[in-house]
Each structure stands twice: as structure tokens, then as C-alpha cells.
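The values are calculated or read from the model by the stated rules, or taken from the named source; none is laboratory data. Since the structure is predicted, the reported quantities are computational estimates derived from the model, not experimental observations. Here the Cβ positions follow ideal geometry from the backbone for every residue, glycine too, while neighbour counts run over all protein chains shown. Areas reflect the complete protein model, heavy atoms only, side chains present, ligands, DNA and RNA absent. Shrake-Rupley method; radii C 1.70, N 1.55, O 1.52, S 1.80 Å.
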Amino acid sequence: MLTKNFNFNCLKPIYRDRVIPSSNDVLNIIWNGDANNSSGYSQGARDFLFALNENPRINLQYTRKICVKSDGIDKSLNDKIMAIANNKIGTPYISVVYNIANRFFIDPKAVLNIGYTVFECEKIPQYLIPSCNQMDAIFTPTQFSKRIIEKNGVIVPIFVIPYCHEIERFENVGKYNIKNLKGFNFLFLSEMTPRKGWDHLVQAFVEEFGVGEDVS
């Protein structure tokens, strides 16, 4: 979890000849992404933003250069996000683009350009590889995703940075009120888009289980 101890020290080997903040300096970060709607990427962006913003060693500013329509979140959350957007940061700064890889871009004023993305599949569309390789480094949440990114031709440094969740949100949560459950039940939560591979999940389920089995 990214809290008060997170300082991006893992990136120092790739600064090369650029201006490097010392261990005593405040780290300036511009976080580019889409935190103002109900998508999974937006939820992840909010978790990172709120945690990083509590770190006294980080000056954080949120920008919406690649934002789509804002919807699905309440006003108090949106106000909290936009307060971070109004933060002032100094230089040098790091640019983090948190989104699908085809939305990565380079900030020419940043000392480092980092892309944060995740791939849930074994093969990455080839048009996304140059998008990743233009960055100085890639962040991804799991070892599986790192292996897939490396396997498919991304050659810039890749770091596993787990998602930053608010654990308290999952405490004392009651059971879902779902009807017609069986003895064993799978729960799939996702948007129904090709990138999520829901069709492969359905195919695997019907191939593995018969109509008379006590599973849903």
C-alpha cells in the first residue's frame, strides 16, 4: 500500500544523467489519469491519489489531460479529487500516466515519464508496445502482468507496484443478496468489454461444468 513510506527510490537507477531529487527532498509528481468516473481505472487512480496525497514527502498534482466524461461518483469524492488537481508542485517532477497503454504520452518537462497499466491476457496487441516503450519505465500491479509485458516486447524497466486499496472499505461487508445460488459459486465483477475476456470465462465455465452440477 502506498502510504507515508513510499518514495519512488526504485526509480533512481533509471534517472541516468537527469536531475535527481535527493533522499531528503520532497518528490514532485504529476498524476495523469481518469479519476472522475466509475470505471476500474478511475477507482484505482483515486486510491493512489488519496494515499500519495497523505505522504508528507510528496507534492502531488492531478491532471485530467486524458479524462473521459465524469460520472458515477458522488460530489464529495469529486471535490476531493479536484482539490488535488489544484495543488501546486515544483520542479523537477515525475509524470505518471495511469491508464490504458494507448493513452500514454510524454511530458517533455518531466524528469521521468512513467506509465502505469495492467494486462490481464497472455498476448498484448502490438500497437501498444511502442506506447509502452516510449516511457522511461512501466508500473504494473502484479508479477503476472510484468511477465506478460516483458514477454510481448516491452524493453523499458518494469516495476511491480501493487494497487493501493482502502482496506477499511472491505471490512464488515455483508453477503451479496444473489438469488438461485448453488453449492459452489463463482463471482465475476467487470465491465463487459473484449479487453476483460469475459467471453473466455463463459466458454471455460461451460466446458468445465455440466448442467446437473451444483455450481453457478
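Carbon and sulfur together cover what percent of the accessible area of segment 120-205 at a 1.4 Å probe radius?
60
Per residue, how much accessible surface does segment 116-216 expose to a 1.4 Å probe? Answer in Å², no decimals.
Here the per-residue accessible area is 72 Å².
Go ahead and run the numbers for FRET between residue 200 and residue 168, Cβ-Cβ distance against an R0 of 35 Å, rounding to 0.05. Numbers along the way, then the final one.
Working: r = 33 Å, r/R0 = 0.96.
About 0.55, to the nearest 0.05.
When the Karplus curve 6.51 cos²θ - 1.76 cosθ + 1.60 is applied with θ = phi - 60°, which whole-Hz ³J(HN,Hα) does each residue of segment 57-64 get, with x for Gly and Pro?
8, 10, 9, 10, 10, 9, 10, 10
Around residue 97, which amide H atoms from residues at least 5 apart in sequence, or from another chain, sit under 5 Å from its own amide H, with H modelled in the peptide plane?
Amide H neighbours of residue 97, under 5 Å, 5+ apart: 32, 114, 115, 116.
For segment 78-167, which chymotrypsin sites (Phe, Trp or Tyr not before Pro) are in a loop by DSSP, counting at most 11 other Cβ atoms within 10 Å? Kindly include the intermediate steps, with their values, before the conclusion.
Details: sites: 93, 98, 104, 105, 116, 119, 127, 139, 144, 159, 163; in loops: 104, 105, 119, 163.
Those that pass, being in a loop and sparsely packed, number zero.
What ³J(HN,Hα) values, in whole Hz, does the Karplus curve 6.51 cos²θ - 1.76 cosθ + 1.60 give for segment 136-141 when θ = phi - 60°, with x put for Gly and Pro?
Those phi angles translate into 6, 7, 10, 9, 8, x Hz.
Could you pull out every one of the aspartates and glutamates with an alpha carbon less than 20 Å from that of residue 109, ignoring same-chain neighbours closer than 8 positions?
17, 25, 136
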